[in-house]
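First comes the structure, then the notes that go with it.
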Amino acid sequence: MTPDARPIIIFGESQLASLAHFYLRHDSPHEVAAFTVDAAYRKTDTYEEKPLVDFETIQDTHPPAEYRMFLPVSFKQMSHLRREKFEAAKAKGYDIISYVSSKATTWPDLDVGENCFIFEDNTIQPFVKIGDNCVLWSGNHIGHHTTIGSHVFITSQVVISGACTIKDHAFFGVNATIRDETVIGEATLVGMGALVTKDTEPYSIHLGAKGKIARGKSVDIDSLSHKSGG
C-alpha cells in the first residue's frame, strides 16, 4: 500500500467532523476508515456508520504505518485545543492530511501545511503561504504574498489584502477586513466586521468598523494546558 492510499481517521464526532467526512467523501480521493475521540467523550462505538475509537489507544487498532489522520477541531481557546490534538497525533507518529476544496480558487504550487481545512469559494492568490493546522471557512479572499502562520482560524467573507503577515493562533470573524502589508500579532482576535489598518499587538482584540481595541486579552495563556512556543 502506497502512503497516498492509506485511509483516513477523523478526530471528533462534532459537526466539524461530520463536515470533514462529507468533504473527503465527495471531493477527495481519501477513504475515511474511522473516527476517534478522547475516551472520556466516547459514548458509542460508531459515528456516521464508521468505527469510533478511543484516541488514547488509536495507534493499537489503526497504526500510523497504515492510516493517516485529519483533525477538524474548533477554534476554542484561540485554536490552542486544535493545536494540542494536532501535536498529540503527530507524537503518535501519524501523517496528517490537509483538505483544499476543488471549488476554491488557487494557483499551482500552493504552499499549505498539514491539517489545513480549506473550504469552497476561497480565493487564494499567488505566493500565499499557509502554515499548519489552519481553517479557512468558505468565501474568503487571501491576497498575494500573504503569509499565514499556524493554528489560524478564518471564518467567512474575510478579506486579507496583499503582503500581510498573520501570526500563529489569530482568529478572524465574519466580514473582517485587513489592510495590505499589515502584521497581525499572535493570537489576535479580529471581530466580525472589524477593519484593521495597522499592525496589531499579540493577544489583542479588535472590534467594529474602526477596529477598536478592546480591553483584555484574546486568551488567558496561563490557563492553557498547552502554551504556545511563540
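Each reported figure results from applying straightforward, stated rules to the coordinates on display, with no laboratory input. Computed from a predicted model, the values in this text were never measured in an experiment. Positions of Cβ are generated from backbone atoms using ideal geometry, with glycine treated the same way; all protein chains shown enter the neighbour counts.
Remarks
- 3J(HN,Hα) along the range 197-203: 10, 10, 4, 10, 7, x, 6 Hz, from the Karplus curve 6.51 cos²θ - 1.76 cosθ + 1.60 with θ = phi - 60°, whole Hz, x for Gly and Pro.
- Residue of His169, His26, His141 that the Gaussian network model of the chain assigns the largest fluctuation, springs spanning Cα pairs under 10 Å: His26
- Remark: Leu195, Leu19, Leu136 ranked as Leu19, Leu195, Leu136, counting other beta-carbon atoms within 10 Å and listing the fewest first.
- A viscosity of 0.890 mPa s and a temperature of 25 °C, combined with the Kirkwood radius over Cα pairs in Stokes-Einstein, give a translational diffusion coefficient for the range 104-230 of 172 µm²/s.
- Among Gly185, Gly93, Gly162: highest mean-square fluctuation, GNM of the chain, C-alpha pairs under 10 Å: Gly93
- Of all lysines in the structure, those lying under 25 Å Cα to Cα from Lys129, and not within fewer than 8 positions of it along the same chain, are Lys76, Lys85, Lys90, Lys103, Lys167, Lys198, Lys227.
- Our analysis of the range 3-91 gives Rg over Rh at 0.93, with the two radii drawn from alpha carbon positions and Rh computed by the Kirkwood formula.
- On the beta carbon distance between Ala214 and Glu181, with R0 = 30 Å, the FRET formula returns roughly 0.80.
- Percent antiparallel among DSSP beta bridges (both partners in the chain, rounded to 5): 10
- Secondary structure note: in the range 1-87, about 15% of the DSSP beta bridges are antiparallel.
- Residue-averaged 222 nm ellipticity for the chain, from DSSP H runs of 4+ at -39500 (n - 2.57), nearest 500: -3500 deg cm²/dmol
- Selection among Val37, Tyr47, Pro7 by position relative to the dipole of the range 3-91 gives Val37 as farthest towards the positive end (Cβ unit charges, Cα centre).
- Neighbour counts of other Cβ atoms within 10 Å put Tyr47, Tyr94 in the fewest-to-most order Tyr47, Tyr94.
- Relative intensity, log₁₀ I(q)/I(0), of the chain from a Debye sum that treats every alpha carbon as a point, q = 0.12, 0.14, 0.18 Å⁻¹: -0.65, -0.87, -1.30
- This model, with +1 at the C-beta of Lys and Arg and -1 at the C-beta of Asp and Glu, gives the range 3-91 a dipole about its Cα centre of some 320 debye.
- Charge dipole magnitude, Cβ of K and R +1, D and E -1 - the range 98-208, Cα centre, debye nearest 20: 240
- Computed over the chain with a Gaussian network model linking Cα atoms closer than 10 Å, the most mobile of Phe119, Phe22, Phe127 is Phe22.
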